[in-house]
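Below you'll find the structure, written out as structure tokens, and then a few comments.
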Amino acid sequence: MSADTLTLALSKGRIFDETLPLLRAAGIEVLEDPETSRKLILPTTRADVRVVLVRATDVPTYVEYGGADLGVCGKDTLLEHEAASGGPGHVGLYQPLDLGIARCRMSVAVREDFDYARAVRQGARLRVATKYVAVARDFFAGKGVHVDLIKLYGSMELAPLTGLADAIVDLVSTGNTLKANRLVEVERIMDISSRLVVRPVSLKLKRARLQPILDAFAQAVGQRNGG
């Protein structure tokens, strides 16, 4: 990564789309559409700023190890990254701002005909499918519920329908996907939004160019929130 270039790591989809207004507030426009361009590195209207497109789960890794100076990722991704790294104190990331974008919630869901409350009350050992293993483990341990965690990476709704799992832990936005697959939310674990993450070394070495972007993001978020 060039010492003269600021690199922002983003994932395609909702986070990318909802970060664009914040970039505009900092005077930066992305020059290509990630949905039509085959490029993984996108130029912007500022010659010294570029956007790299990575998987959502890889954003913290790119920032922590220097593949990017800053990035935007969900709280869910950060929690799993921290758990895999040995805890928050072992992660080399500065998290200055909750951007309040890509809002959703992490919830427990089961089949409509599964009596979750009774199973928990009777101390049943539940099979739970999720890609958020660390969050799910902490949540159920805190409730004293015994679970066997099954790690999946997609199509989570299939797990209860095929008998693979009794429940899932997944992100929920509108709830329409759950409803379409005859699943219901039974517990809300936490609210999720996306965070700005910054590499501390970049903040030290590139502060003159990086700080105005951070300030513009903070101002835009504050204005949106009525501050």
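The values are calculated or read from the model by the stated rules, or taken from the named source; none is laboratory data. Since this is a predicted model, take the numbers as computed values, not measurements. So basically every Cβ, Gly included, is an ideal-geometry build from the backbone, and we count neighbours across all protein chains shown. Heads up: the accessible areas ignore ligands, DNA and RNA and are worked out on the full protein's heavy atoms, side chains in. Shrake-Rupley method; radii C 1.70, N 1.55, O 1.52, S 1.80 Å.
Across q = 0.16, 0.29 Å⁻¹, segment 65-109 modelled as identical point scatterers on its alpha-carbon atoms has Debye log10 I(q)/I(0) values of -0.52, -1.25, in the order of the q list.
In whole percent, how big is the carbon plus sulfur part of the accessible area of the chain, probe 1.4 Å, protein atoms only? Walk me through the numbers on the way to the answer.
Numbers: 5690 of 11510 Å².
Taking all protein chains in place, the chain shows 49 percent carbon and sulfur surface.
Would you mind working out the magnitude of the charge dipole of segment 186-227 relative to its Cα centre, with +1 at each Lys and Arg C-beta and -1 at each Asp and Glu C-beta, to the nearest 20 Debye? Can you show the working numbers first?
Working: 8 positive and 3 negative charges, 72 e Å.
About 340 debye.
Give the range of the longest stretch in the chain that excludes all trypsin sites (Lys or Arg not before Pro) found in loop regions by DSSP and having at most 15 other beta-carbon atoms within 10 Å.
Numbers: sites that count: LYS12, ARG38, LYS39, ARG55, ARG103, ARG125, ARG182.
Between exposed loop sites, the widest span is 126-181.
Take every DSSP beta bridge with both residues inside the chain and express the antiparallel ones as a percent of the total, to the nearest 5.
Values: 26 of 41 bridges.
For the chain, the DSSP antiparallel bridge percentage is about 65.
Residues whose amide H lies under 5 Å from that of ASP170, counting only those 5 or more places away or on a different chain, are SER107, ALA109; hydrogens are built 1.01 Å from N in the peptide plane. Computed from Cα positions, the angle between helix 133-143 and the longest principal axis of the chain comes to roughly 50 degrees.
Of the GluC sites (Glu not before Pro) found in segment 30-124, the ones in coil according to DSSP and having at most 10 other Cβ atoms within 10 Å of their Cβ are GLU35. Across segment 111-127, computed HN-Hα scalar couplings (Karplus, 6.51 cos²θ - 1.76 cosθ + 1.60, θ = phi - 60°) run 4, 4, 9, 9, 8, 5, 4, 5, 4, 5, 4, 8, x, 5, 8, 9, 9 Hz from first to last residue, x flagging Gly and Pro.
Skip the ligands, DNA and RNA, and give the accessible area per residue of segment 44-111 with a 1.4 Å probe, whole Å². List each step's numbers first, then the result.
Numbers: 2680 Å² over 68 residues.
Heavy-atom SASA per residue in segment 44-111 reads 39 Å².
Between ARG55 and SER193, the modelled label-to-label distance comes to 2.8 nm, taking each label 7 Å out from Cα in the direction of the beta carbon.
Treating only the Cβ atoms of Lys and Arg (+1) and Asp and Glu (-1) as charged, compute the dipole magnitude of the chain about its Cα centre; round to the nearest 20 debye.
Dipole of the chain, to the nearest 20 debye: 180 debye.
Of the residues THR162, ALA84, LEU42, the one whose Cα sits farthest toward the positive end of the charge dipole of the chain, with +1 on the Cβ of Lys and Arg and -1 on the Cβ of Asp and Glu, is ALA84. Under the convention that each Lys and Arg Cβ holds +1 and each Asp and Glu Cβ holds -1, the size of the dipole of segment 1-115 around its Cα centre is about 240 debye. Protein heavy-atom accessible surface, 1.4 Å probe, per residue over segment 150-212: 54 Å².
Please work out how much length the chain gains when fully extended from SER173 to ASP113, using 0.36 nm per residue of separation minus the C-alpha to C-alpha distance, in nm with one decimal.
Numbers: separation 60, 0.36 × 60 = 21.60 nm, distance 2.21 nm.
Extra length available between SER173 and ASP113 comes to 19.4 nm.
When the charge dipole of segment 177-227 is built from unit charges on Cβ atoms (+1 for Lys and Arg, -1 for Asp and Glu) and taken about the Cα centre, the candidate among VAL221, SER202, VAL184 whose Cα reaches farthest toward its positive end is SER202.
Which shape class applies to segment 96-188: rounded if a/c is under 1.5, otherwise prolate when a/b exceeds b/c and oblate if not, where a ≥ b ≥ c are the square roots of the Cα gyration tensor eigenvalues? Display every interim value, and only then the final one.
Values: a/c = 1.72, a/b = 1.27, b/c = 1.35.
It comes out oblate by the Cα gyration axes.
Between GLY74, PHE114, PRO60, the Cα set farthest toward the positive side of the dipole of segment 1-150 (charges on each charged residue's Cβ, about the Cα centre) is that of PHE114.
Pairs LYS131/LYS204; LYS151/LYS206; LYS75/LYS151; LYS151/LYS204; LYS131/LYS179; LYS12/LYS179: which are spaced more than 30 Å apart, C-alpha to C-alpha? Present the calculation step by step, with values, prior to reporting the outcome.
Values: LYS131/LYS204 34 Å; LYS151/LYS206 39 Å; LYS75/LYS151 19 Å; LYS151/LYS204 38 Å; LYS131/LYS179 20 Å; LYS12/LYS179 25 Å.
Check vs 30 Å cut-off fails for LYS131/LYS204; LYS151/LYS206; LYS151/LYS204.
Between amide H atoms placed 1.01 Å from N, distances below 5 Å from LEU126 occur with HIS146, VAL147, ASP148, all of them 5 or more places distant or on a separate chain. On the principal axes of its alpha-carbon atoms, the chain has extents of 60, 37, 36 Å, going from largest to smallest.
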